[in-house]
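Undergrad: Questions regarding the structure given below will be posed in turn.
A short reminder: the numbers here are calculations on the coordinates, not readings from a lab. What you are looking at is a predicted structure, and each value in this text was computed from that prediction instead of being measured. When we count neighbours, we look across all protein chains shown, and the Cβ atoms used for this are built from the backbone with ideal geometry, even at glycine.
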Amino acid sequence: MKFTKEVTPTENQTKEHQSNPSNLVTLIVQRIRNIGISLVKDGAIVHWLGRISTIIFCSLYVLQFKAILSAKDDRLFECISEMTFCGMGILKLISLYRNHKHWNFLINAVSELEKEELSNEESFDKYEKDDDVEFTFSYHIVSYTAEFKTVSTVLARIYGFTAIIYVLSPFLEYGFLKDTREDGWPHILPIWPPFDHLSFSGYLFTILLEFIAAVFCVFVHVAFDLTAVGFMIFICGQFVLLRQYSQSIGGNGRQLQLSRKRDERAHHRIARCHKIYERLMIASHVLSTLLKNILGVYFFVATVTLCSVAIRLNSYQEMSSMQLVSLAQYMCATLTQLFLFCYYGDNILEKSSVNQGEGPFGAAHWCLSPQVREELAMLGLGMMMPRHFYAGPFTSLDLPSFIQVVKTAYSYYAVIRN
């Protein structure tokens, strides 16, 4: 199953990435800067616009609690859904603020590993030309960077469209139902409006604050999700790179006579594979720790949200067109986020381990000395261990978990209908 089509980098793309090895890092850092956070060596610098937006966002989130207490039955689902969406945005924002050292560590780890791989490209003239397998790190780096660019573009457009619907739907609904509504002027967020009763200017001021909070919330979701997915794509791409690089340890296997130069080359590549594998395991452990609690909460929220959607769909005849659009929006946004993390979590699980005939087990071991074969076997045993990501303490971050959540929501819907 492919979320994006396989990207084959051109020669020009490879040369471009060699001159700019931090392409993926640059894209990730730019997304974080969009919410006013700049990760530096000693911490995080927050732009003043980011501070103001954060204060407005958190303040209006508090006002949503009071709105829930006074919400009517037909508006209760909308209030809870938007509050959970904003609540997840606050959790993601806290993670970027509070764990800035860990996020900065991942950014530096990605940048340093790519730079080292590109700067130490092996010369294929160093050994016998008919005994080596041509391998270039830049090809794989460009490939997974292009994949991240595609995912980033698609996801940003989805979130952008969601933000437009999110902002305009209350006003469109008010325009269609203005003769039957009795709950006052429309609002972007379901908050308790403190200034509506003062004047129309107070209402416009509230709408401005709600617009800033809503747009900032979407930007936070985009920044966090693309940052996390970017690192997951990097880890997947590096595991694929490592698998193919380790398969070239023994050369092409045409020369059956033992060679000291061939053993030295194999020993060098085995040591390099160990180093890359160790860095990937550290990076994946740090990323898993950062995502575990947030995704654990999100899995629970997503399950509750989808079950709530099932309840609302059971009485869809009583809902207006804009309420149906809003319902579809929450369902699609929830499923998109959930699928994205589960897909790449499943990808890491698949790509992080090697089977028989893959990686070191697929190398031309017959043309290596017994001592180097032992080193190759040790490398293969280490690379057989899969890397699991978790959402909370019990749920694995993979496609079966995504299917299980969807099945749970559908079963709940089927029970209600019957």
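Undergrad: May I ask you to compute the full-extension gain from LYS275 to TYR97, defined as 0.36 nm times their residue separation minus their alpha-carbon distance, rounded to one decimal in nm? If you can, show how the numbers build up before the last one.
TA: Details: separation 178, 0.36 × 178 = 64.08 nm, distance 3.04 nm.
Taking LYS275 through TYR97 to full extension adds about 61.0 nm, to one decimal.
Undergrad: So, one more: Based on other C-beta atoms within 10 Å, arrange ARG51, ARG265 from fewest to most. Could the numbers behind the result be given before it?
TA: Working: ARG51 11, ARG265 23.
So the ranking, lowest neighbour count to highest, is ARG51, ARG265.
Undergrad: Among the listed pairs LYS92/LYS149; LYS149/LYS351; LYS66/LYS292; LYS149/LYS261, which have their C-alpha atoms separated by more than 32 angstrom in this model? Provide the component values of the computation, followed by the final result.
TA: Working: LYS92/LYS149 22 Å; LYS149/LYS351 20 Å; LYS66/LYS292 30 Å; LYS149/LYS261 40 Å.
Result: LYS149/LYS261 exceed 32 Å.
Undergrad: May I ask you to derive the FRET efficiency for HIS388 and ALA156 from their Cβ-Cβ distance with R0 = 30 Å, giving the value to the nearest 0.05?
TA: Working: r = 29 Å, r/R0 = 0.96.
The formula returns an efficiency of 0.55 here.
Undergrad: Moving on. How large is ³J(HN,Hα), in whole Hz, for each residue of region 29-35 in order, when computed from phi with the Karplus curve 6.51 cos²θ - 1.76 cosθ + 1.60 and θ = phi - 60°, using x for Gly and Pro?
TA: 4, 5, 5, 5, 5, 5, 9
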